[in-house]
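> Let me give you the structure first, and then I'll get to my questions.
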Amino acid sequence: MTRPLASLLSAALLATMLAAPAALALEGDASAPIQVEADRLDLDDRAGTAVYQGDVRIQQGSMQLTGDRVEIQRNDAGQLTTATATGQRAYLEQKPSPDQPLVRAWGRTVIYHVAERRIELVDQAELHQGGDTFDGGYLEYFLDRRVVQARSDAQGVGESQRVRMTLEPEQQDGP
């Protein structure tokens, strides 16, 4: 395979994987340009994986994913199934819908399950949505249902990390 063809294939694969309609929350996200920055890319078209390394930054619309390493997997139909970011402080942010606040999430591992619209945060996990915050060894967040599940420990977590949360009270109208 020649270099220009490999570059074109790589760009097309990433665009196909990230632009899947279910992958992103806001309507404009799926049609927004995809911007990727990394020091290295290893693409395995047959396995359906793309691995980016070195201060990786991926952005499309309201979704932003960063880490030292990001692995993107797709199924046989070419649809994005998971995006896994790892690093000292991997990060994901996304606006679930126009009427909901921005979701910001950190962990040593951040896994975004596209079809389920579910985020897993492993080790030094932290989740912010509006004024609400959650911390622990492991957090799982379902974007559509706004459900958080937190644990102090999980596989891949060295030491137990107590679950903490801060919930902002809803604003009352009138006196």
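> Could you work out the relative contact order of the stretch 38-121? I mean the mean sequence separation of Cα pairs under 8 Å and 6+ apart, divided by the number of residues, in percent.
Relative contact order for the stretch 38-121 comes out at 20 percent.
> How far apart, in nanometres, would the label points at ARG57 and ARG151 be if each is projected 7 angstrom from Cα along the Cα-to-Cβ direction?
Modelled inter-label distance: 3.5 nm.
> What is the stretch 36-78 by shape, rounded, prolate or oblate, if you read a ≥ b ≥ c off the alpha carbon gyration tensor as root eigenvalues and call it rounded for a/c under 1.5, prolate for a/b larger than b/c, and oblate otherwise?
In terms of gyration-tensor shape, oblate.
> Can you bin the stretch 64-126 into rounded, prolate or oblate? Criterion: square roots of the alpha carbon gyration tensor eigenvalues sorted a ≥ b ≥ c, rounded for a/c under 1.5, prolate for a/b above b/c, oblate for the rest.
oblate
> Something else: Per residue of the stretch 117-132, what does 6.51 cos²θ - 1.76 cosθ + 1.60 with θ = phi - 60° give for ³J(HN,Hα)? Whole Hz please, x for Gly and Pro, Karplus curve as stated.
Result, ordered by residue: 6, 10, 10, 10, 10, 10, 6, 6, 6, 8, 9, 10, 9, x, x, 7 Hz.
> Going by the alpha-carbon gyration tensor, a ≥ b ≥ c the square roots of its eigenvalues, is the stretch 25-110 rounded (a/c under 1.5) or, if a/c is not under 1.5, prolate (a/b greater than b/c) versus oblate?
It comes out oblate by the Cα gyration axes.
> Between ASP76 and GLU37, how many nm apart are label points set 7 Å from Cα along the C-beta direction?
3.9
> Moving on. Multiplying the sequence separation of SER160 and GLN88 by 0.36 nm and subtracting their Cα-Cα distance, what value in nm do you get?
24.2 nm
> Ordered by residue, what ³J(HN,Hα) values in Hz, to whole numbers, does the stretch 47-55 give under the Karplus form 6.51 cos²θ - 1.76 cosθ + 1.60, where θ = phi - 60° and Gly and Pro are x?
Karplus values, whole Hz, x for Gly and Pro: 7, x, 10, 9, 10, 9, 9, x, 6.
> For the pair ALA115/ASP144, report the inter-label distance in nm, with labels modelled 7 Å from Cα in the Cβ direction.
Inter-label distance under the simple model: 1.3 nm.
Rule-based calculations on the coordinates, nothing more; no lab input. As the structure is a prediction and not an experimental result, all values here were calculated from the model. With ideal geometry, Cβ positions are generated from the backbone for all residues, glycine too; neighbour counts draw on all protein chains shown.
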